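Read the figures in this text as sums done on the coordinates, not as results from a lab. A quick note: this is a predicted structure, and the numbers were derived from the prediction, not measured. Note: ideal-geometry Cβ built from the backbone for every residue, glycine included; neighbour counts use all protein chains shown.
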Amino acid sequence: MLTEEQIRTSLDEVFVPSVMRSISDLNLVRDISISDQSVKITLASTALNTGTKDWLKDRIGEALAKLDDKSEITVDYTEATPAELNEIGSVVAVMSGKGGVGKSLVAGLAAVALKRRNYKVGILDADITGPSIPKVFGITDRPAGSESGILPVTSKSGIEIMSINLLLPAEEEAVIWRGPLIARAITQFWEEVLWGKLDYLIVDLPPGTADAPLTVMQTLPVSGVIIVYTPQDLTAMIVKKAVKMAQKMEKPILGVIENMSYLYVAEIDKKIELFGKSQGDEMSKAANAPLLGQLPIDPELARLCDEGNIEIYQSEIMDQIGESLSKIAPA
């Protein structure tokens, strides 16, 4: 007779076709009942259309028949909301008081770095009016799902992504919404998307300290915040407003990252600080948090982002960010 351990191991290999994640990773397995020569599996029907549900029934039957072709296999479905199924270890918000400092870049690099350390990672693109995460990951597929929920789109390396740009008729389409609608969209991305089991959910915030960041801080169980800035005095002054917001909302600041810190010229083996002297020490003290890294101006990284290939970027700073995050924000 089949054991529950055998069944769960087998179900780990049954994948939902639209996202290529197992039904176990999506936390769809609700109950396993074993008696005599029969096995009954109950799955949540969340975000699954009729065709997918029938397909999963067949795959589960085939998988378990390989272990025991004498047992009668029954697969039933039950209703559940995405919020009831989602199990997320750490929610990390990437923010800055100013636009154009590289929040989306840092969010993407952080997700890739954590994925390379074998964590299960997702990105919630909360920059509703200026989404760029799908572009840097080269994603154009529309999310699948049903009336009961939405399935995020999976990147090439297996990072789960949800962004308003994936729902628009064209990526250039403008989102001309007032604050309440933007806040509602962010809330839906949290409550109505089936993230399943994730070690980390990286939230890419828009600039400023208004509606969208406030919604994330108040609605999501944010484990900590990463502050992104560039070396200019003006930028540092504005970014400190984001630091103050995180502190007032009692959200721990995990660290600060300086983007566009320098340009390395290999021919003369020299780092040129195009935007002025590094403000790493000052920002670290202002945030009362460690300096997680200093990202250079790297034409290769810019090219890969334009091509949608951020996941193949290699650098020591990425390893440093991944290692630091896994320590200060354990999954």
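Observations, loosely collected:
- Computed log₁₀ I(q)/I(0) - Debye formula, equal Cα scatterers, no solvent, segment 190-247, q 0.15, 0.18, 0.22 Å⁻¹: -0.52, -0.71, -0.95
- Spatial separation of Cα centroids for segment 111-162 and segment 224-252, in angstrom: 25
- DSSP bridge pairs, segment 84-328: antiparallel proportion in percent, nearest 5: 20
- With a threshold of 31 Å on the Cα-Cα distance, the over-threshold entries among Lys156/Lys327; Lys135/Lys271; Lys40/Lys115 are Lys40/Lys115.
- For Tyr77, the residues whose modelled amide H falls within less than 5 Å of its own, excluding neighbours fewer than 5 places apart on the same chain, are Leu43.
- Over segment 84-328, relative contact order from alpha-carbon pairs under 8 Å, at least 6 apart, %: 27
- Applying the criteria of a DSSP loop state and at most 16 other Cβ atoms within 10 Å to the trypsin sites (Lys or Arg not before Pro) of segment 60-115 yields Lys66, Lys70.
- Lysines whose Cα lies under 22 Å from that of Lys240, excluding same-chain neighbours fewer than 8 positions away: Lys98, Lys103, Lys248, Lys251, Lys277, Lys285
- Centroid-to-centroid separation of segment 172-209 and segment 311-329 [C-alpha atoms, Å]: 24
- Calculated Rg/Rh (Cα atoms, Kirkwood Rh) (choose from (i) 0.97; (ii) 1.03; (iii) 1.08), label: (ii)
- Counting charges near Gly138 (Lys, Arg +1; Asp, Glu -1) among other residues having Cβ under 14 Å from its Cβ returns a value of -2.
- Taking amide H as placed 1.01 Å from N in the peptide plane, Val16 has its amide H under 5 Å from the amide H of Arg21, Ser22, Ile23, each at least 5 places away in sequence or on another chain.
- With loop membership from DSSP and a limit of 15 other Cβ atoms within 10 Å, the longest segment of the chain without GluC sites (Glu not before Pro) is 174-249.
- Temperature 20 °C, viscosity 1.002 mPa s: under these conditions the Stokes-Einstein estimate for segment 4-80, based on its Kirkwood radius over C-alpha pairs, is 173 µm² per second.
- Among the trypsin sites (Lys or Arg not before Pro) in segment 275-331, those placed in a DSSP loop whose Cβ has at most 12 other Cβ atoms within 10 Å are Lys277.
- For the chain, the mean residue ellipticity at 222 nm estimated from helices alone is -10500 deg cm²/dmol, where every DSSP H run of n ≥ 4 contributes -39500 (n - 2.57) and the total is divided by all residues, rounded to the nearest 500.
- 3J(HN,Hα) along segment 155-169, derived from phi through the Karplus expression 6.51 cos²θ - 1.76 cosθ + 1.60 where θ = phi - 60°, amounts to 6, 4, 8, x, 8, 7, 9, 10, 8, 4, 5, 7, 9, 7, x Hz, with x in place of Gly and Pro.
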